[in-house]
1. For segment 185-230 and segment 233-280, what is the separation of their C-alpha centers, rounded to whole Å?
2. Go through segment 98-110 residue by residue and turn each phi into a ³J(HN,Hα) via Karplus (6.51, -1.76, 1.60, θ = phi - 60°); whole Hz please, and just put x for glycine and proline.
3. Measure out, as a whole number of angstrom, how far apart the alpha-carbon centroids of segment 116-156 and segment 1-45 sit.
4. Over segment 7-167, what relative contact order in percent results from Cα pairs under 8 Å that are six or more residues apart?
5. How high is the relative contact order of the chain, in percent, with contacts defined as C-alpha pairs under 8 Å that are six or more residues apart?
6. Taking the Cβ of LEU45 as the centre, find all other residues whose Cβ is under 15 Å away and add up their charges (Lys, Arg: +1; Asp, Glu: -1).
7. Quick one: order TYR171, TYR218 by neighbouring beta-carbon count within 10 Å, fewest to most.
8. Ignoring solvent entirely, what values of log10 I(q)/I(0) come out of the Debye formula for the chain at 0.09, 0.14, 0.16 Å⁻¹ when each Cα is a single scatterer?
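Please treat every number below as a calculation from the coordinates, not as lab data. The structure presented is a predicted model; accordingly, all values stated were derived computationally and were not measured. Every residue, glycine as well, gets a Cβ built from its backbone with ideal geometry; the counts of neighbours run over all protein chains shown.
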Amino acid sequence: MPAKPRIAIVGPGRLGTALALELSRAGYPISEIISRRDSVSARTLAATVGARAASILQAQLDADVIWFCVPDGQIARAARQFESATTWRGKTTFHSSGALASDVLNQLRKRGASAASVHPLMTFVSKSAPSLEGVPFGIEGDKKAARLAERIVRDLGGEVLEISKQSKAAYHAWGTFASPLLIAALVTAERVAAAAGISRVNVRRHMLPIVRQTVENYGNLGPAAAFSGPLVRGDVATIRTHLRVLKKVPEARDAYLALARAALRHLPAENRRTLNKVLG
């Protein structure tokens, strides 16, 4: 296989688009951008990275690496659709599901391909194009495919994170806490701000300084040193007041209780025994 193999991207969604752009910048030739049907977005991406745009029925699959960037529930079906479309012996195939192991590509393994799951631990949303510099990629799969994935990840400026197939679900749950559930926590905080009479127009702007500083402290100082507030101080009266007022926002009260209990187990706190009773 050449030093920088040709890569076909199956699924030009947010993740597939980001990968295609970053791979192209890193000097990897992109042969095809493959989508379910012809689309302007697929053709635009293909033109940007110097590739062909193809529907599933038109795909030539002449690349060295076929990288599936479709939703989890579509990976096995997409692999079946391509099973007889090319000679798989000698090819490498990746998928980028965080939750699924490389076994979801077993039908292509049976045809001679080497397979791995290669998942960037990053959030991809519309109107945002994150860099992959420093991003960990969870990698699991055949030795040959995993070795190639590690080389590609390093060329992208990412970090290699070896994951066993048995650990994929927990790994993905970790990522869910780090991003989507973090957004859910912030949205819940917005509901509490509304109960305090804070304008919805201003709540994000007012909340961002403390959120940014908290994340910065977590990264620079670690969780224990970054932890502040009434739990650290063992301020039982304040916690009781919070729980009383949060009855107006039941889902926020549930989240508060769950996170406060976790904090008492893993973070510094005064009056731990009394607080456990209050939170119980």
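1. Segment 185-230 and segment 233-280 have Cα centres spaced 17 Å from each other.
2. In residue order, the calculated couplings are x, 8, 9, 7, 5, 4, 5, 9, 4, 5, 7, 4, 4 Hz.
3. First find each Cα centre; the distance between them is then 14 Å.
4. Working: 324 pairs, mean separation 29.2, N = 161.
Contact order relative to length: 18 percent.
5. For the chain, the relative contact order is 11 percent.
6. +3
7. On the way: TYR171 18, TYR218 13.
Lowest to highest Cβ neighbour count: TYR218, TYR171.
8. -0.56, -0.98, -1.14
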